[in-house]
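S.K.: Here it is, the structure, as structure tokens.
Readers should treat all values here as calculations from the given coordinates under stated rules, not as data from a laboratory. The model shown is predicted, which means the values in this text are computed figures rather than measured ones. Glycine gets a Cβ as well: all are built from the backbone with ideal geometry, and neighbour counts include every protein chain shown.
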Amino acid sequence: MATSSRKKDPSTKPALPFSCSYCDFAVDYHYKGRKPPFAKNILMLEDCYVMKDPFSTSGGFISVGGMCSLCARNVCMANTCSLFYTQRFCLNCVADRLEEFPQEIQQEVSQRLKERG
């Protein structure tokens, strides 16, 4: 019996569900990591949940979320849910450690928390 020497294409994996721990955002993603196989020559700064752009014919993608580097909760990219400052942080963890961030970040996060309510 002959075995296939073709590797399975990682870009054809079925979509998996992503949901933000802080808002109602939920969507299916196709890849989690830094280098989506369907987005050539792209290296993300963090492990992201990535979906294929349904409107692109050239391998476009949309980064839909990431994981908080402190509490490991899934968070979307919305300003009211997370912040990227060298790493991804949920706003709750940032608020708990606000004094550890630069003044500009403190001001921005304070504004975001007011918007979130």
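S.K.: With the crude spin-label approximation of a point 7 Å out along Cα→Cβ, what separation in nm comes out for PHE55 versus ILE42?
M.R.: Each label point is offset 7 Å from its Cα along the Cβ direction, giving 1.5 nm.
S.K.: Now for a different question. Nearest 10 degrees is fine. How inclined is helix 103-116 to the longest principal axis of the chain, computing both from alpha carbons?
M.R.: Here the helix axis deviates by roughly 80 degrees.
S.K.: For the chain, the longest stretch holding no trypsin sites (Lys or Arg not before Pro) located in a DSSP loop with at most 14 other Cβ atoms within 10 Å is which?
M.R.: On the way: sites that count: ARG6, LYS7, LYS8, ARG34, LYS40, ARG97.
Longest site-free region, per DSSP loop and neighbour criteria: 41-96.
S.K.: By how many nm would the segment from SER19 to GLU115 grow when fully extended, if each residue of separation counts as 0.36 nm and the alpha-carbon distance is taken off?
M.R.: Gain on extension, SER19 to GLU115, equals 32.5 nm.
S.K.: Then there's this: For segment 15-116, what is the convex hull volume of the alpha-carbon atoms per residue, in Å³?
M.R.: Numbers: hull volume 10.8 nm³, N = 102.
Roughly 106 Å³ of hull volume per residue.
S.K.: Residue-wise, which Karplus ³J(HN,Hα) couplings in Hz belong to segment 97-102, taking 6.51 cos²θ - 1.76 cosθ + 1.60, θ = phi - 60°, and x for glycine or proline?
M.R.: Karplus-based 3J(HN,Hα) across segment 97-102 equals 10, 3, 5, 7, 9, x Hz.
S.K.: Within a Cβ distance under 11 Å of GLN87, other residues only, what is the Lys/Arg minus Asp/Glu net charge? Provide the component values of the computation, followed by the final result.
M.R.: Details: positive: ARG88; negative: GLU46, ASP47.
With Lys, Arg at +1 and Asp, Glu at -1, the net is -1.
S.K.: Explain nothing, just the number: relative contact order of segment 39-117, from Cα pairs under 8 Å at least 6 residues apart, as a whole percent.
M.R.: Numbers: 92 pairs, mean separation 14.9, N = 79.
Computed over segment 39-117, the figure is 19 percent.
S.K.: What list do you get for VAL27, VAL109 if you sort them by fewest beta carbons within 10 Å? Don't jump to the answer; show the numbers that get you there.
M.R.: Working: VAL27 15, VAL109 19.
Lowest count first: VAL27, VAL109.
S.K.: Spin-label point model (7 Å from Cα, Cβ direction): what's the ASP28 to ALA72 distance in nm?
M.R.: 2.8
S.K.: What is the total of Lys pairs in the chain with C-alpha atoms under 21 Å apart, excluding same-chain pairs fewer than 8 positions apart?
M.R.: Taking the chain as the scope, the lysine pair count is 16.
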